[in-house]
Amino acid sequence: MEHSNRLQRRKRVALKKRRRRLFALLVFSSIIISLLTYNFFARAGSKAPAHMEPTANKEEAASISNDNSKLSDNLPSQEGSAEEPASKEEAKEESQQGAAASKTSEAKPAVSGQDTDVIAASSEDKNLALTGKIICIDPGHQAKANLSTEPIGPGSTQMKAKVTGGTSGVSSRIPEYQINLDVSMKLKELLERAGAKVVMTRAANNVNISNAERAELANKASVDISVRIHANGSSNFSASGISILYPAKNEWTGGFYAASKEAAQIVLDELIKSTGAKREGIVARGDITGFNWAKDPVILVEMGYLSNKGEDALLNTDDYQRKVAQGIFNGISEFLLS
């Protein structure tokens, strides 16, 4: 009998243990299910039911809710912005993406109209070194000469043709006025990309603008320097090289002839570096109308001889024209910034 009672007690104890284990398993399963369900709602971007919130009590739940509200006020409104990354790699990636977005947002200024052009230019020439500088480019000659005369300087009785047609290529037959304009437009592009304001005396060939009128255009703009673009010609077909003319000192040029000479030397040096052409030197001239009517530094670039077959061919290539424009640009920049 006693033995039978002991067996029953053992069975009851074993049954209680099994019940406790089952209860513990049920509780643990319930907790796991609650956590999984809460995580599912959180990832889906919606609020989990209140009874599934894994918080110790209502006060703690309210505190966490308030903290989350404060955080959400400081975060951008994005789908899934409250979701935590599933791994360290995802966390790192999201952090990097957020930092990049923040930098982009801070670096992008609010601009419109002309400011956009300035930003585009700054990406091409990071320093915009010539900002505030005004430069006149005079593409020499024009399609039709105007041989009526004008004074070579203010108040002068000495007269000279208003504008001639220039020379042309000995082999190419391309007129000088066209080559002058082509190089001038390439130079204009370089100067504007560096922030300079460019005044063009002409942007087409079918114009009628005298040399005195071209100088007056530069005077009205109060330019820092004028650059007259020409090509040379000679009865000596072997003559070659680049030369630059500048104003001789006279009654009209006393205030700027020295600066013009300096500019001529600097630009010639840079042209020879850029093109590899023969150096013919710089030459002072007192009979050039465009010099005598000027009020600011002015030079005239003779880019080469169209009477020379080799230089005629070179001056009609885009590559060499760009080298010439680059050399002039480099020289002007050095002169204005030194």
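Looking at the range 246-254, can you tell me whether even one residue there is within 24 Å of Q326 (Cβ to Cβ), modelled with pLDDT of 95 or more and of a type in the set (A, V, I, L, M)?
Within the range 246-254, not a single residue is within 24 Å of Q326 (Cβ to Cβ), modelled with pLDDT of 95 or more and of a type in the set (A, V, I, L, M).
For the range 220-266, the tally of residues that are of a type in the set (S, T, N, Q) and without any contact (Cβ under 8 Å) to a residue 40 or more places away in the chain stands at 2.
Table: residues versus (1) modelled with pLDDT of 95 or more; (2) of a type in the set (V, I, T); (3) at negative phi.
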site	(1), (2), (3)
L187	yes, no, yes
R193	yes, no, yes
A196	yes, no, yes
T201	yes, yes, yes
A204	yes, no, yes
V207	yes, yes, yes
E213	yes, no, yes
N219	yes, no, yes
S222	yes, no, no
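Restricting the range 142-177 to residues that are among the aliphatic types (A, V, I, L, M) and closer than 26 Å to W252 by Cβ, which is nearest to the chain's Cα centre (by Cα)?
Taking the range 142-177 and keeping what is among the aliphatic types (A, V, I, L, M), we get 143, 145, 147, 152, 159, 161, 163, 170, 174.
After this cut, where a residue has to be closer than 26 Å to W252 by Cβ as well, the list is 145, 147, 152, 159, 161, 163.
Numbers: A145: 39, L147: 44, I152: 42, M159: 46, A161: 43, V163: 38 Å.
So, considering only residues that are among the aliphatic types (A, V, I, L, M) and closer than 26 Å to W252 by Cβ, the one nearest to the chain's Cα centre (by Cα) is V163.
Look at (1) of a type in the set (F, W, Y); (2) surrounded by 22 or more Cβ atoms within 10 Å (Cβ to Cβ); (3) out of contact with any Asp or Glu (no Cβ under 6 Å at 6 or more places or on another chain) and you find that Y320 fails only one, number (2). Within the range 297-324, which residues are over 16 Å from S172 (Cα atoms) and out of contact with any strand residue (DSSP E or B) (no Cβ under 9 Å at 6 or more places or on another chain)? Once the filter is applied, which keeps residues that are over 16 Å from S172 (Cα atoms) and out of contact with any strand residue (DSSP E or B) (no Cβ under 9 Å at 6 or more places or on another chain), the range 297-324 yields D319, R322, K323.
Taking the residues in the range 128-141 that are part of a loop (DSSP other than H, G, I, E, B) and more than 14 Å from S210 (Cβ to Cβ) as candidates, determine which candidate is nearest to the chain's Cα centre (by Cα).
Filtering the range 128-141 for residues that are part of a loop (DSSP other than H, G, I, E, B) and more than 14 Å from S210 (Cβ to Cβ), the one nearest to the chain's Cα centre (by Cα) comes out as L128.
Beta carbons closer than 7 Å, at least 6 apart along the sequence or on distinct chains, pair a first residue in the range 176-191 that is part of a helix (DSSP H, G or I) with a second that is at pLDDT below 95 for Y177/G165. Quick check, is L306 hydrophobic (A, V, I, L, M, F, W, C) and within 20 Å of S234 (Cα to Cα)? So L306 fits the description; yes. Across the range 303-317, what is the number of residues that are buried (at least 20 other Cβ atoms within 10 Å of the Cβ) and of a type outside the set (A, V, I, L, M, F, W, C)? Counting residues in the range 303-317 that are buried (at least 20 other Cβ atoms within 10 Å of the Cβ) and of a type outside the set (A, V, I, L, M, F, W, C) gives 6. Close Cβ contacts (under 7 Å, 6 or more residues apart or on different chains) running from residues in the range 142-164 that are without any contact (Cβ under 8 Å) to a residue 24 or more places away in the chain to residues that are of a type in the set (S, T, N, Q) comprise A145/T164; M159/T149; A161/T149.
Please find, among L245, L268, the residue that is within 22 Å of Y305 (Cα to Cα), crowded, with 20+ Cβ neighbours inside 10 Å, out of contact with any Ser or Thr (no Cβ under 8 Å at 6 or more places or on another chain) and not charged (D, E, K, R). Every option except L245 fails the conditions.
Consider the range 278-337. How many of its residues are assigned to a loop (DSSP other than H, G, I, E, B) and either more than 17 Å from Y257 (Cα to Cα) or among the polar types (S, T, N, Q) (or both)?
Of the residues in the range 278-337, 6 are assigned to a loop (DSSP other than H, G, I, E, B) and either more than 17 Å from Y257 (Cα to Cα) or among the polar types (S, T, N, Q) (or both).
For the range 193-212, the count of residues that are farther than 18 Å from N146 by Cβ and part of a helix (DSSP H, G or I) is nonzero.
The values are calculated or read from the model by the stated rules, or taken from the named source; none is laboratory data. Computed from a predicted structure; not experimentally measured. Using ideal geometry, Cβ is built from the backbone for each residue, glycine included, and neighbour counts are taken over all protein chains shown.
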